[in-house]
1. Just to be sure, is A170 under 30 Å from F51 (Cβ atoms), in contact with a helix residue (DSSP H, G or I) (Cβ under 8 Å, 6 or more places away or on another chain) and among the small types (G, A, S)?
2. Test A148 against the stated conditions and say whether it is small (G, A, S) and in contact with a helix residue (DSSP H, G or I) (Cβ under 9 Å, 6 or more places away or on another chain).
3. G77 is checked against (1) surrounded by fewer than 19 Cβ atoms within 10 Å (Cβ to Cβ); (2) at pLDDT 90 or above; (3) in contact with a helix residue (DSSP H, G or I) (Cβ under 9 Å, 6 or more places away or on another chain); (4) not aromatic (F, W, Y) and fails just one. What number does that condition carry?
4. Looking only at residues that are among the aliphatic types (A, V, I, L, M) and in a strand (DSSP E or B) in region 162-179, which one is surrounded by the fewest Cβ atoms within 10 Å (Cβ to Cβ)?
5. With the structure loaded, tell me whether I36 is surrounded by fewer than 16 Cβ atoms within 10 Å (Cβ to Cβ) and within 24 Å of the chain's Cα centre (by Cα) or whether it fails that test.
6. With the requirement that a residue be of a type in the set (V, I, T) and touching a helix residue (DSSP H, G or I) at 6+ places or on another chain (Cβ under 7 Å), what does region 44-64 give you?
7. Count, please, the residues in region 126-161 that happen to be in contact with a strand residue (DSSP E or B) (Cβ under 6 Å, 6 or more places away or on another chain) and in a loop (DSSP other than H, G, I, E, B).
Amino acid sequence: MKRYTRHSVRSNVGRLRRTHACAGREEGQALVEMGIAISVLFLLLLGIISFGIAFSNQVTLTNAANNAAQVVMAGAGVITDPCQSANSAFANAATNLNNPKIYGANPLSFSITAYTSSTASVSSGTQQVVFSDSGGPSCASLAPSLTAGQQVVVSATYGCNLAFFGYNFAPNCKLTAQTSEDVQ
């Protein structure tokens, strides 16, 4: 049978107190780990949302460029102003890309290139899409260049804005789409 002396009991009590004191310091560890995990998950969620917005804008821009190219390709002798026709197609197909508060510094713009032969082309230059009933940019001088059997290329550019909580995660984000059609 083991005998306990006063010294051995005191040392065991001291060890218990030290162990209990260390355990008390670790109680906040779960809170810190939870804070780190939540912040990482929050950043991951913001990344997913930003990618979703950019992808949605890219799909809308591509669809709008396709619509504009189809309108312009009806062209030779039918369209008197290709830019106004393309502007109407863009304005109707890309309504969610028209938010001056968010996208004011990064407007939706397009250009039309009409090939008069396999090597020669005429371009409208960059035109900003006008989202109103008052018309839009004009390039009536491009209409005679729409040659049946040749291609017309519609290019669109959109400067997206992926700002959340006052911070823009992609300040130089530019989306582009390009579609070519044969003029009828």
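1. Against the criterion (under 30 Å from F51 (Cβ atoms), in contact with a helix residue (DSSP H, G or I) (Cβ under 8 Å, 6 or more places away or on another chain) and among the small types (G, A, S)), A170 qualifies.
2. The answer is no for A148.
3. The single condition G77 does not satisfy is (2).
4. A163
5. no
6. Selection gives T60 alone.
7. 6
The values are calculated or read from the model by the stated rules, or taken from the named source; none is laboratory data. These numbers were taken from a predicted model, which means no experiment stands behind them. When we count neighbours, we look across all protein chains shown, and the Cβ atoms used for this are built from the backbone with ideal geometry, even at glycine.
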